[in-house]
Every structure is written in structure tokens, then in C-alpha cells.
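A short write-up of the structure that comes next.
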Amino acid sequence: MNTPIRVLSIDDHQLMREGIAAVLAREADMQVVAEGADGEQAVALHAQHRPDVTLLDLQMPRMNGIDALRLIRAQDAQAQVIVLTTYGGDAQAVAALKAGASGYLLKTSLLSELVDTIRRVHAGQRYVPAAMSMQIAAHAADEPLTQREIEVLRLVAVGYPNKQVANQLSVSAETIKTHMKNIMDKLRAKDRTHAVTIALNRGFLQLQ
């Protein structure tokens, strides 16, 4: 029998890790070699176990998945990482792929798709679901939000008016007004609420 695919599972929800372990235990060609609950553990466990494939959540304590992914790839340029997340927006997917992810799956995916994706990635392929690929393509020519614009929109999302956003970021209200105009132009939003909704749907912002 061939050597099984050695999988590292990283997710801050224990039930999710247990579910993944139960699914992969039924596959004769797969073995979960270690589990972790945050980005720092992901980096350390990957260095320790050198798995064939890592399943990595995005939103985690101590270190998020994107930063962990960058560090893992810096330590091992051949690391095969599949991002497994609840966030379906194209902005998060593009960030993960640019950071070196070999696959991007939503946690709502069918279990068979997870198993198939692990095999594909282990074989050297990259995999993104068709619907996600279409969403990425639809926004490929769009100008992305800057980090400052995301900071502004995050404060707007919790209900702060421009003056309070300006105070929080130590800039003028006029500067925030300019940022909001640029944000709405980039997102093709009708108003502030619409801009927040689009940003959430596309993954520029995440609900905490």
C-alpha cells in the first residue's frame, strides 16, 4: 500500500478539527498527523511534522491564516496548503492564493470535495471551486482597497460617522470624506451602508 497523504489540520474550532479527522480517517490514503488551533501553532507544527498537505483556517487567534501561510511558505517553498474557511469573498481568496495557497475551499463544501481537493493538491494541482474562480475573474480588473481604506470602512461598519472615524485614525474629517469617496468608487457602492455590505460579501471585512 502506498504511503498515506500526511495532513496537518489547523482550525480554532475543535468541532471542525474533529469533523475533518473523522472524514479523513475513512480514507485509506490519508492520515492526520497533527492538529492546531491558531496561526502560531500552524507554523510550528508544519516545521515539526512537514506534512504533505495542510488544511488552514483564515480567522484564528494570535496569528491569522494569511500570515501563517506566508511564514509556512517562507520556511518551505514546496508546502502545499489548502485554505478552508467560512469566508467566500474574492478578496480573501486572492490574498490566500497570492500568499501561496494551493487550494481554497469553503467550510460548507461537500466532504467529498475536501477529500478530492487534498488529493489534487498533493498531486501538484491547484484548486479553487468554479463559482469562486468566476467571482475572482469578475473583479480581476478592479482596483483593490488599500489597507487604510479597509481601516476606515471597518470603523464605518460599526456605526462611526466621519468625524469619529477621523478621531480614531488621527486624521481630518475631510481626509475620511476623501477615503469614503474612493471606497465607494472602487466598490461601485451607492452609499456607506452599501459599501460595507459589498466589502463584507467580497471579504475585505469580516464579521467578528
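Things to note:
- Any pair with Cβ under 7 angstrom, 6 or more apart, that starts in segment 100-128 at a residue that is within 13 Å of VAL81 (Cβ to Cβ) and ends at one that is assigned to a loop (DSSP other than H, G, I, E, B) and of a type in the set (S, T, N, Q): SER102/GLN80; VAL121/GLN80; VAL121/SER102; HIS122/GLN80; ARG126/SER102
- Residue match in segment 36-49 (condition: without any contact (Cβ under 8 Å) to a residue 24 or more places away in the chain and either buried (at least 16 other Cβ atoms within 10 Å of the Cβ) or of a type outside the set (Asp, Glu) (or both)): yes
- Hits in segment 1-32 - residues which are surrounded by fewer than 17 Cβ atoms within 10 Å (Cβ to Cβ) and in a strand (DSSP E or B): GLN31
Yes or no, residue by residue, for (1) at pLDDT below 90; (2) closer than 18 Å to PRO51 by Cβ; (3) under 16 Å from the mean Cα position of the chain (by Cα); (4) of a type in the set (Ser, Thr, Tyr):
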position	(1), (2), (3), (4)
ASP90	yes, no, yes, no
ALA96	no, yes, yes, no
THR117	no, yes, no, yes
ALA123	no, yes, no, no
ARG126	no, yes, yes, no
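- A search for C-beta distances below 7 Å between a residue of segment 68-89 that is touching a residue at least 24 places away in the same chain (Cβ under 8 Å) and assigned by TED's automatic domain parsing to the domain that holds THR54 and any residue that is hydroxyl-bearing (Ser, Thr, Tyr) and part of a helix (DSSP H, G or I), counting only pairs 6+ apart in sequence or on different chains, returns ILE82/THR117.
The values are calculated or read from the model by the stated rules, or taken from the named source; none is laboratory data. Everything numeric in this text was worked out from a predicted model, so none of it was measured. FYI the Cβ positions are ideal-geometry reconstructions off the backbone, even for glycines, and counts take in every protein chain you see.
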